[in-house]
Amino acid sequence: MARGAADLAVHDAVFCDELKAALARTERIGVSLRQPDGTIFRTQAMGQPGPYFINFDGKKLKPKMAIEVKRRKCEVLNRVQVTNLYLHDGELAGFTGFDIRSGDFYRIRAKAVVIATGNTNRMFNAQIGNPFNLWYCPANTGDLHRAAFDAGVALANMEYVRMTIVPKGFSAPGFNAFFGMGAQLVNSLLEPFMTKYHEMGNKAPRNYMVWGALQELKEGRGPIYMDCRHLKPKELEHLFFTLGIDKDTLPEFLLAKGYAKEGCLIEMTVSEPMQARPSELCGSGIRIDRTCASNVPGIFAAGDASDQMGCLHMAMAGGYAAGRHAAAYAQKIVHLRPLEPAAMAAEEARVFRPLERKHGVTYREFENIVRVICTDHFGPVKTELSLTGALAKLDRLDAARDELRADNMHELMRAHEAMNIHAVSKISARAALARRESRFHPYHYRADYPHTDDANYCGLMVIQQQPGGGVTTRLERLEYAA
Ligand SMILES: Cc1cc2nc3c(=O)[nH]c(=O)nc-3n(C[C@H](O)[C@H](O)[C@H](O)COP(=O)(O)OP(=O)(O)OC[C@H]3O[C@@H](n4cnc5c(N)ncnc54)[C@H](O)[C@@H]3O)c2cc1C
């Protein structure tokens, strides 16, 4: 299911070996995987060979984790946007950031860091035009992918742009809840169509579902609908409850739209793309090894920000592993490495410069142009020409970065997010250019190379900035049992 993107040796170490302890920890902090009656509620969807998914109420997961962090007396810097990473003699020295309310600037020396800042959203036009109404978190803007890349950290799986199927008019997760409960996609002729595109029909991996929906829409059989009419009242009740866990207001939206719980056809569409993993079974971002370490000593990564972890199960299991490995590494380092004063002063000036400009470009204008370029050039379809065209246009925007203005701290944060979205767009387009095949279509669909070419491309496209400033791509082959 994640052939060519999942490194199984890393998975064994950061997920399989860690899962049991992660489940026990989750229960210990007060989040149970069980239903109120003590049973485990399992469903099958997204290409799983059996009912592997567990439905549980994870609404309080993050607040409960925060309580545990406090209980363990960890120091937390809330509302600090990390802006850059710094090395000394090729090894991590620390990082910088600023408080997005007070404007305090932080220079932090560190023996090790774990990057866990998710993937990149707001890169593509959203279905209703509001760039913040997305199926994923709009605050994850690839900040640390960009910063790590600039520091020479190798990234992988960056060519993939991921989409899902969402209710028309409201981008929200819920895909797994619908298909897990047995809902099916139909076109405007009320024909279930997914078996045309994958033998598993509505239980196919997510990318095939999106591909099928796109083909039906393209061939004029839209709108498409989520057909829930055959579900029993108890199943529907569970479905709507689960949708509310994915996004509080989703059941309310569906009811307001007239999709009454008792059997319905819900109009759906394909979501905006985001730059992220091509499968539920891998990640996209910092290339990690079995100890969650990147190629730069002291920089580790976990969760969606790493190339091998994605989704909650891996973030929960691998995140802990990354912390443990980073701590073990830090213990072996005797002295904190120095942060160069000149570099710190330059970064502080760079970070706050948009506040000094009275005239210039707003983050909204800048980000909108990035979105238009990405949407037009490398959403569900890419070609050599579309990608080189995107890169030329994105390069021309470089000059506008020096004209970004911010009128307050909130806009300053957004300006930095916008610059990071711009930088990640370029990384993604470059990696996509290097993969001259299609894989997990439409997440990487090259209309000029429409077939999957395992002989040449079964592996990770690793992209890296070299010390002289040049960017290289190389394919790291992955082997799988037949
Ligand atoms: C609504 C929703 C429903 C989902 N449902 C499921 C599900 O049912 N099952 C499943 O397996 N997965 C699900 N997922 C995916 C799952 O939530 C993610 O895979 C998981 O949260 C990844 O965890 P993470 O810690 O890697 O990243 P995140 O949880 O995304 O956390 C990233 C953090 O980094 C912070 N950050 C970003 N940039 C900076 C910066 N510059 N400086 C400082 N901090 C920064 C962000 O504020 C955020 O707190 C869902 C996702 C969403 C959005």
- Item | All helices (runs of 4 or more DSSP H) inside the range 378-482 with 1 or more residues being at pLDDT 95 or above, within 16 Å of the ligand (Cβ to nearest atom) and of a type outside the set (V, I, T) | 409-434
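Quick grid of which residues meet (1) within 20 Å of R277 (Cα to Cα); (2) touching a helix residue (DSSP H, G or I) at 6+ places or on another chain (Cβ under 7 Å):
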position	(1), (2)
N125	yes, yes
L134	yes, no
C137	yes, no
G142	yes, yes
A148	yes, no
V153	yes, no
M181	no, yes
S188	no, no
N202	no, yes
- Residue, nearest to A399 (Cα to Cα), within the range 312-365, restricted to residues that are outside any helix (DSSP H, G or I) and among the charged types (D, E, K, R): R357
- Message: Could you list, ordered by first residue, the pairs with Cβ atoms under 6 Å in which the first is in the range 132-158 and under 30 Å from T269 (Cα atoms) and modelled with pLDDT of 95 or more and the second is in a helix (DSSP H, G or I) and within 14 Å of the ligand (Cβ to nearest atom), at least 6 apart or interchain?
- Response: T141/E417; T141/N420; T141/I421; G142/N420; G142/V424; D143/N420; H145/V424
- Only unsatisfied item for L412, checking (1) more than 21 Å from P273 (Cα to Cα); (2) surrounded by fewer than 21 Cβ atoms within 10 Å (Cβ to Cβ); (3) not acidic (D, E), is (2)
- Query: Filter the range 65-116 for residues that are in contact with a helix residue (DSSP H, G or I) (Cβ under 7 Å, 6 or more places away or on another chain) and of a type in the set (K, R); which is surrounded by the most Cβ atoms within 10 Å (Cβ to Cβ)?
  - Reply: K111
- Item | T43 being under 30 Å from T195 (Cα atoms) and of a type in the set (S, T, N, Q) | yes
- Query: Under the condition of being in a loop (DSSP other than H, G, I, E, B) and of a type in the set (S, T, Y), which residue from the range 5-57 is nearest to the ligand (Cβ to nearest atom)?
  - Reply: Y52
- For the range 91-103, indicate whether the set of residues that are part of a loop (DSSP other than H, G, I, E, B) and within 14 Å of the ligand (Cβ to nearest atom) is non-empty. yes
- For I108, which of the numbered conditions (1) within 9 Å of the ligand (Cβ to nearest atom); (2) free of Cβ contacts under 8 Å to residues at least 40 places away in the same chain; (3) under 15 Å from N84 (Cα atoms); (4) not polar (S, T, N, Q) fails to hold? (1)
- Message: Going residue by residue through the range 139-148, is there one that turns out to be β-branched (V, I, T), buried (at least 23 other Cβ atoms within 10 Å of the Cβ) and within 16 Å of the ligand (Cβ to nearest atom)?
- Response: yes
- Message: Given the criterion within 12 Å of the ligand (Cβ to nearest atom), among the aromatic types (F, W, Y) and surrounded by 15 or more Cβ atoms within 10 Å (Cβ to Cβ), identify the matching residue among Y320, Y329.
- Response: Y320
- Looking across the range 415-456 at residues that are of a type in the set (D, E) and surrounded by fewer than 21 Cβ atoms within 10 Å (Cβ to Cβ), the single one that is nearest to L155 (Cα to Cα) is E437
- Kindly indicate whether K62 is surrounded by fewer than 13 Cβ atoms within 10 Å (Cβ to Cβ) and either part of a helix (DSSP H, G or I) or within 14 Å of the ligand (Cβ to nearest atom) (or both). yes
- Query: How about the range 266-317: which of its residues are among the charged types (D, E, K, R) and within 15 Å of the ligand (Cβ to nearest atom)?
  - Reply: E272, R277, E280, D304, D307
- The condition of being buried (at least 20 other Cβ atoms within 10 Å of the Cβ) and without any contact (Cβ under 8 Å) to a residue 24 or more places away in the chain holds, among M163, M194, only for M194
- Message: Filter the range 65-78 down to the residues that are in a loop (DSSP other than H, G, I, E, B), within 14 Å of the ligand (Cβ to nearest atom) and free of Cβ contacts under 8 Å to residues at least 24 places away in the same chain and list them by number.
- Response: V76, N78
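The values are calculated or read from the model by the stated rules, or taken from the named source; none is laboratory data. Keep in mind that this is a model prediction, so the values were computed, not measured. Note that each Cβ is placed from the backbone with ideal geometry, even for glycine, and that neighbours are counted across all protein chains shown.
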